[in-house]
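What follows is a set of notes on a single structure, which appears directly below.
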Amino acid sequence: MRNFIIVLLLAFCFFSCATKKEIIYFQDADNLNATETAQYFDPKIEPNDILYISVSALDEEVLKPYRRSIDMQNTVSDNQLQGYLVGSDGTIQYPGLGAISVVGNTRTEVITALTTELSKFVKDIVVDVRIINFKVTVLGEVNNPGVYVIKDERVTIPQAIGLAGDFTADGKRETVTIIREENGSQKVTKVDFTKTEFFSSPYYFLKQNDIVYVEPSLKGVKKSGFIPDIPAVLSVVTIVLSAVILITR
């Protein structure tokens, strides 16, 4: 009987404790030495993006027909209302120019295209373009799940997890899911935070509207009640057997 209790206690420890390999991030981090990573990320514009476009020139009067007045002191939502919504046809309606195709282009490419067109009418023009509704969603076993607006349009998946308050103790680090829409279809990939392979993946930088989902570990699933909590069961059995032994002595 005593041996049986010892076995139960060992089983309790086995099922209740997470292993080091399940918890520690980037365990092969030494492989990152001398690895080149992209220093510049320029997202491509998609339908339903809202663009903030500013133009300036020495002659403000000549510029007026090609400019929409936006008060940068407004709230984000106000700026979104005044921004240029990218339509389902991939264009924006720009004052004085009409429909401008932007979908599939980077911000830099849109700046170049607008500068070229506006330079036909205005000298020494300066154009800037921003995506003001660039956001990612982080769900599941993180401490602060939610939708996060990224003002500088550049966020990596480790940064997104950091914004969401890191993994909970029950978050499964080995299979973080990223859901991304490309060309009208959904693509799903898995990222292993215990390794560094994803640092060279096209999913290392998140795109606007990406969804990141951290699924629960086995421990987290057991807490939800979907499957029996094995350590709890073993604990109860151990207590009962110990009581039996004391009584029958």
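The values are calculated or read from the model by the stated rules, or taken from the named source; none is laboratory data. Just so it is clear, the model here is predicted, and its values are computed rather than measured. Note: ideal-geometry Cβ built from the backbone for every residue, glycine included; neighbour counts use all protein chains shown. Areas reflect the complete protein model, heavy atoms only, side chains present, ligands, DNA and RNA absent. Shrake-Rupley method; radii C 1.70, N 1.55, O 1.52, S 1.80 Å.
Might you check whether a residue that is open to solvent by 50 Å² or more (accessible area, probe 1.4 Å), on the phi > 0 side of the Ramachandran plot and either β-branched (V, I, T) or in contact (Cβ under 8 Å) with a residue 40 or more places away in the chain (or both) occurs anywhere in the range 162-173? The answer is no; no qualifying residue exists.
Looking at this structure, is K135 surrounded by 13 or more Cβ atoms within 10 Å (Cβ to Cβ) and farther than 26 Å from L51 by Cα?
So K135 fails the test.
Screening the range 178-206 for residues that are out of contact with any strand residue (DSSP E or B) (no Cβ under 6 Å at 6 or more places or on another chain) and assigned to a loop (DSSP other than H, G, I, E, B) and picking the one that is nearest to I150 (Cα to Cα) gives P202. Within the range 88-116, if we keep just the residues that are assigned to a helix (DSSP H, G or I) and either modelled with pLDDT under 95 or polar (S, T, N, Q) (or both), the residue that is surrounded by the most Cβ atoms within 10 Å (Cβ to Cβ) turns out to be R107. Taken over the range 157-175, the criterion of being in a strand (DSSP E or B) and under 15 Å from N143 (Cα atoms) is satisfied by F167, G171, K172, R173.
When the criteria are applied in full, V127 fails the requirement of being among the β-branched types (V, I, T), touching a strand residue (DSSP E or B) at 6+ places or on another chain (Cβ under 6 Å), open to solvent by less than 40 Å² (accessible area, probe 1.4 Å) and in the same structural domain as R154 (by the TED database).
None of G140, G146 is free of Cβ contacts under 8 Å to residues at least 24 places away in the same chain, on the phi > 0 side of the Ramachandran plot, assigned by the TED database to the domain that holds D210 and out of contact with any Leu (no Cβ under 8 Å at 6 or more places or on another chain) except G146.
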